[in-house]
Amino acid sequence: MKELLYSLINILNEMSPYILLGFLIAGVLHVFVAHRTMARHLNGRGWKPVVKAALFGIPLPLCSCGVLPAAVSLRRRGASRGASTSFLIATPQTGVDSIAATYSLLGLPFAIVRPLAALVGATFGGMAVEKMTPPDSTDDLSSIADDASEDFSGLPFGRKCIRAVRYGLVDMVASVGKWLVIGLVVAALITVFVPDSFFLSLSNHPFLAMLAVVAVAVPMYVCATGSIPIALSLMMKGLSPGIAFVLLMAGPAANFASVLILRKSLGSKATAIYVGSVVVTAIAFGLMIDLALPAQWFTVTGMSHAACHHSEFSIFSSVCSAVLIGLLIYTAFTHKHPSHNHSHNMERTYKIKGMQCPHCQATVQRSISSLPGTENVNVDLGKGTATVQGQVEPAEVCRVVRLAGFEIEE
């Protein structure tokens, strides 16, 4: 137990300064870069919207379920099917927070190759969708409120900064916090309890090992940041950097729930291309790392020593870890569903499928609240329900929730 605790603390100390920095940058992107701007650049067919969508998505710190409402919103606002697919592939694989954390634990080469692989995979997948699916028109959004993203354009600069900090250090921590903790715990468990011989046997067959990692990583749910300590612990046990890289790319990009929702939004063919692009790109770059790039670029000796042994804790990293732990605890207790407001208006409860994180919860909350006549909306993430009070038609509630990328039933 003592070894497990030390391993967990050391990994956390290595990551926490970069994670906090990434969260702050995420808040700045959320407040100062309007979603309308992104949608305006993603119209039309061809390679330009596809590449732009990937470049827009790479720095955004959204998980594979949280990116779905954003991508569906872009699609409804005129983004092409190829650009939407490109955005869906690139966004969950990276993010400013995960890139910073990748650099802190795995080094600069990993931090460079990871977004590059996301760009290549997203461009390949988006162009494949462009070529293999017919052009079609997106639905008109003029009859409903603007998408679920907030509009900060009218706020003073100081208020924008406050909103950016709150989004980065509160909303974003709430969104990925659980998966970050799971990733840290899994990494510590692997480091302490899994024998080196198990991974050394797999390292003799790298391609088979990559396929095995894909088989495990694609169905499971882990965010881009939470996958980093797991990849590090696998490398420390003897797996090659390329095999660990497959986990970094395939794990955050897809899970069963997001694939099911994507199938309903973009169709079966686009969904198959999406999953295939993630898998092929991850394995291709993994093989390139192992076979074509210098091995010394991807050594993590210093990092692994810090993660496994009882190293001295610097004051700065310890303070950052304490701040991150405090934020995780705070958001765990405060980011719950809104409390009921008593109302004499009609109340109806809807079952919503596809919500997996606070970002999804907030998207559903804002989408329903935008409807005229809505008095109160209570979205329960754990139960997967939305209780709506007010004089609002059930058909309208179902319509805006589906436009946001979720399934709903009364």
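Bear in mind these aren't lab numbers, they're just calculated from the coordinates by the rules spelled out. Bear in mind the structure is a predicted one, so any value in this text is a computation, not a measurement. Virtual Cβ from ideal backbone geometry, glycine too; neighbours counted across all protein chains shown.
For the reader, a short list of remarks on this structure follows.
- Ordering 320-328, 287-295, 8-16 by mean Cβ neighbour count within 10 Å, with the highest value first, yields 8-16, 320-328, 287-295.
- Remark: region 15-21, residue by residue, has Karplus-estimated 3J(HN,Hα) of 8, 4, x, 6, 5, 4, 4 Hz, where x stands for each Gly or Pro and the curve is 6.51 cos²θ - 1.76 cosθ + 1.60 at θ = phi - 60°.
- Calculated FRET efficiency for the pair Thr385/Lys131, C-beta based, R₀ 56 Å, to 0.05: 0.85
- Zone of Phe207's modelled label, taken as backbone nitrogen in region 222-248 under 19 Å from a point 7 Å along Cα→Cβ: 240-247
- For the pair Trp47 and Glu393, a Förster radius of 45 Å applied to the C-beta separation gives a FRET efficiency near 0.60, rounded to the nearest 0.05.
- Converting phi to 3J(HN,Hα) with the Karplus coefficients 6.51, -1.76 and 1.60 and the offset θ = phi - 60°, region 381-393 yields 5, x, 8, x, 10, 9, 9, 10, 10, x, 8, 9, 6 Hz in sequence order, with x at every glycine or proline.
- Extension gain (nm, one decimal) between Leu5 and Ala332, 0.36 nm per residue minus Cα-Cα: 115.6 nm
- Maximal additional length on extending the Ser153-Lys353 stretch stands at 68.8 nm, based on 0.36 nm per residue less the C-alpha distance.
- Cα-based shape type of region 81-136, given that a ≥ b ≥ c are square roots of the gyration tensor eigenvalues and the cut on a/c is 1.5: prolate
- Label-point gap, in nm, between Val319 and Arg402 - each point 7 angstrom along Cα→Cβ: 5.4 nm
- Table column - 3J(HN,Hα) (Hz), region 110-127, Karplus curve with 6.51, -1.76, 1.60, x for Gly and Pro: 4, 5, 7, 5, 4, x, 5, 5, 4, 5, 5, x, 5, 5, 4, x, x, 5
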